[in-house]
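Student: Sending over a structure as C-alpha cells; questions will come in a sec.
The values are calculated or read from the model by the stated rules, or taken from the named source; none is laboratory data. What you see is a predicted model, and the numbers here were worked out from it, not measured in a lab. Reconstructed Cβ throughout: ideal geometry from the backbone, glycine too, with neighbour counts over all protein chains shown. Keep in mind that these areas ignore ligands, DNA and RNA; they rest on the heavy atoms of the full protein, side chains included. Shrake-Rupley method; radii C 1.70, N 1.55, O 1.52, S 1.80 Å.
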Amino acid sequence: MSASTSELARAKQDLQDAAQAIVNCTDADVEKAYEACRTMKKLIGNVVRDPTEPKYERLKVTENSTFNKAVWSSVKGTRPFLAMAGFKQQGFEVVLVSRSAVALTTAVDVLDSALLDLQLRITGKREKAVEAAHSAHVRREQMREEAIQAAKDIDKLVDQAEPAGDIEALSALPGPAIERLLVVFRNILRSPGDEKYRRLNTGNDKVAAITSHPAAAAHLLLCGFRLEATHYVLSFGEADRDTALRHVAGGVRGLEKALLVESNRVALSFEEFTAYKHKVKKHAPAQEAPKGPLDKAKQEERWTAMALINDVQGLMEQEWLLKGAVGFEAPFRKAGIELRKQYAEGSVGLIELNALRDTWEANVHAVKVDTGKTLIHTLLPSRETEEHDADMKGR
C-alpha cells in the first residue's frame, strides 16, 4: 500500500471516528445531531458540486447565524469533523482552507452513513415513546376496569347484606353526617387491608362531627367498631375478615335506607309544592285570590320554573351520587336554593332553566356511560329499586 493510499485511509477513518462521536450523542440531542449532519452534508456537497463558488467556502459563526445554531454550537463533534474535512475557524467565520476533493467527497459519504444511523436511533426512540404511551394507556384502562370491578363487588356485597342499625334514628341525622358515615364505611369495603380507614380519630373535626351524634356513634359500635381512648377502631384478622366486612356492608345498607328517608323528608317534590299552593289558595281570603288571566299566567310560569329547578337539582344529585358521593357536602342542595333565588330576582328565566336541565341530563348520561351504572343513584340499593319506583308513582 502506498503512502498516499495509507494517508487517505487514515483520513477516512478519522472522519468516521468524528462522525461516530456525533452519532453517539445523548437521546435528548439525537434530533439536533441529525439536523447538524444533514446541514453539513448540504454545505460540503455544495463545495463538491461547485468548487469555484467562493460563497460556499465561508460560513458565518455569529451568535444568531443559522450555521452556528444548526451545526457549530449544536452538538459535540461537529467542529472536529469540519476541521478534518478542511474547514478552519477564522474570527467570526469558518473558512475552507484545504481543497482536497477526496477529503470532501469522503466527508459526504461518511455523513450519509451517519444520517442513516441517526435515523435508526430517532425511529427507535419514537417507537419506544409510542410503546411507553401505549403501555401507560393499557395500564390506565386496567386500573379503570379494576376500579369498576371493585365498585361492582362492593355493590354486590352491600346488596346481599341485611340492613343494620336503627333506620329511624339514623334518618334523623343531618344529611351530611349520614354521607360522611357512608364514605367511612365504603372506604373500608374498598380497601379493607388499609388500617387508616379503620381508625377514626375523635380529635379530628370531621370525625367529631359524626361521633357527636349518639345515633352515629351507636351505628359505628353496632357495625364492629370499638372505642379505644380517642379512636374508634375496627379490628379483624384474616379468619374473621369476611364476617367483619358483612357487618360493615350491613351498616352501609342501613345508612342508605336512612339517607333515602332523610332525602325524601327534606326534598319537596313539585307535586307536593303544587298541592300545597292549591291548599293555600283554597283557604286564603278572597282578596288574595288571583285577579285576572295575567296573574294566573304568572303563577303557572312560577310553577313551571319550580318544576324545572327541581329537575335540575335532581339531575345534579344523580351525577354527584353516580360519581361515588365523593366529599362530605351535598352541592346540589345549595345549587337549588341559588337557582330559586336567581329566578326570583329575574336573572334566570324558563329558557335558561330548560337549557340547564338539558345540560345536566347530558352530564348524567355521560357519567352513566363512563361508570357503567344505570341505577337511580349509587346510594339506592338495587333490591329496593322497584319499591322506590312504586313509591314515586304513588305520589
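Student: At 0.36 nm per residue, and after removing the present C-alpha to C-alpha distance, how many nm does the segment from Ala169 to Glu300 gain when stretched out fully?
Tutor: 43.3 nm
Student: May I pose another question? Please report the accessible area of Met306 (heavy atoms, 1.4 Å probe, ligands and nucleic acids excluded) in Å², nearest 10.
Tutor: Probe radius 1.4 Å; accessible area of Met306 about 30 Å².
Student: Just to confirm, what accessible area per residue do you get for the stretch 37-78 at 1.4 Å probe, in whole Å²? Don't skip to the answer; put the middle values down first.
Tutor: On the way: 2520 Å² over 42 residues.
Ligands and nucleic acids excluded, the figure is 60 Å² per residue.
Student: What ³J(HN,Hα) values, in whole Hz, does the Karplus curve 6.51 cos²θ - 1.76 cosθ + 1.60 give for the stretch 241-254 when θ = phi - 60°, with x put for Gly and Pro?
Tutor: Rounded to whole hertz, the list is 4, 4, 5, 4, 5, 5, 5, 5, 4, x, x, 5, 4, x.
Student: A further question on this structure: Holding the Cα-Cα limit at 31 Å, pick out from Lys298/Lys368; Lys69/Lys128; Lys206/Lys257; Lys125/Lys152; Lys334/Lys368 the pairs that are longer than that.
Tutor: From the list (Lys298/Lys368; Lys69/Lys128; Lys206/Lys257; Lys125/Lys152; Lys334/Lys368), the Cα-Cα distance tops 31 Å for Lys298/Lys368; Lys125/Lys152.
Student: Can you compute the modelled spin-label distance between Glu345 and Lys125, with each label point 7 Å from Cα toward Cβ, in nm?
Tutor: Each label point is offset 7 Å from its Cα along the Cβ direction, giving 5.6 nm.
Student: Could you order Trp72, Trp360 by accessible surface area, starting with the largest, using a probe radius of 1.4 Å?
Tutor: Reading off the accessible areas and sorting them downward yields Trp360, Trp72.
Student: Taking the simple approach of a point 7 Å from Cα along Cα-to-Cβ for both Ala239 and Asp27, what is their distance in nm?
Tutor: My value for the distance between the label points is 5.2 nm.
Student: What are the ³J(HN,Hα) values, in whole Hz, obtained from phi via the Karplus relation 6.51 cos²θ - 1.76 cosθ + 1.60 with θ = phi - 60°, for each residue of the stretch 86-93 in sequence order, with x given for Gly and Pro?
Tutor: x, 9, 8, 7, 9, x, 9, 9
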